[in-house]
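The values are calculated or read from the model by the stated rules, or taken from the named source; none is laboratory data. Remember, it's a predicted structure, so these values are computed and weren't measured experimentally. Quick reminder, even Gly has a Cβ in these numbers, built from the backbone with ideal geometry, and neighbours come from all protein chains shown.
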């Protein structure tokens with residue numbers, strides 16, 4: 001943590017760039033860059049608070065970011081999709097395009113097809129005749 005404090009000091013007090021700080025502290029410039037980015041993300045300025053010990057500094061710099069809540073996308077009505085696909089000439093792509101017209105922020109085509117396969121239970125059975133018997 002001594003290096004982290006030195007990196008922050010050189011950056012804030014002397015205004016040195018990443019390359020010069022890296023040479024001075026004998027670390028890589030990407031290490032300096034990551035250290036400064038983490039300090040900025042943690043809201044650390046200079047001078048550091050006097051009551052901040054190394055363990056607290058470590059915890060602040062290496063804290064996992066809180067995941068941002070994702071907006072839930074609307075899931076298609078699979079029974080309606082199946083009914084649509086029963087019509088002659090109707091394709092999965094056409095059904096998906098209709099879904100995207102109603103829900104512009106909906107799922108992509110690849111996800112749509114993958115979920116449809118899961119709803120159907122995999123491949124549909126079919127009968128093939130390989131040749132004629134004499």
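Quick notes on this structure:
- Test result for residue 55, out of contact with any helix residue (DSSP H, G or I) (no Cβ under 9 Å at 6 or more places or on another chain) and part of a helix (DSSP H, G or I): yes
- Residue 82 being in contact (Cβ under 8 Å) with a residue 24 or more places away in the chain, exposed (fewer than 14 other Cβ atoms within 10 Å of the Cβ) and more than 31 Å from the chain's Cα centre (by Cα): yes
- Restricted to region 85-97, and to residues there that are surrounded by fewer than 15 Cβ atoms within 10 Å (Cβ to Cβ) and in a helix (DSSP H, G or I), the residue that is farthest from the chain's Cα centre (by Cα) is 86.
- Note on region 62-79: residues that are modelled with pLDDT of 80 or more, loosely packed, with under 10 Cβ neighbours inside 10 Å and part of a loop (DSSP other than H, G, I, E, B) amount to 2.
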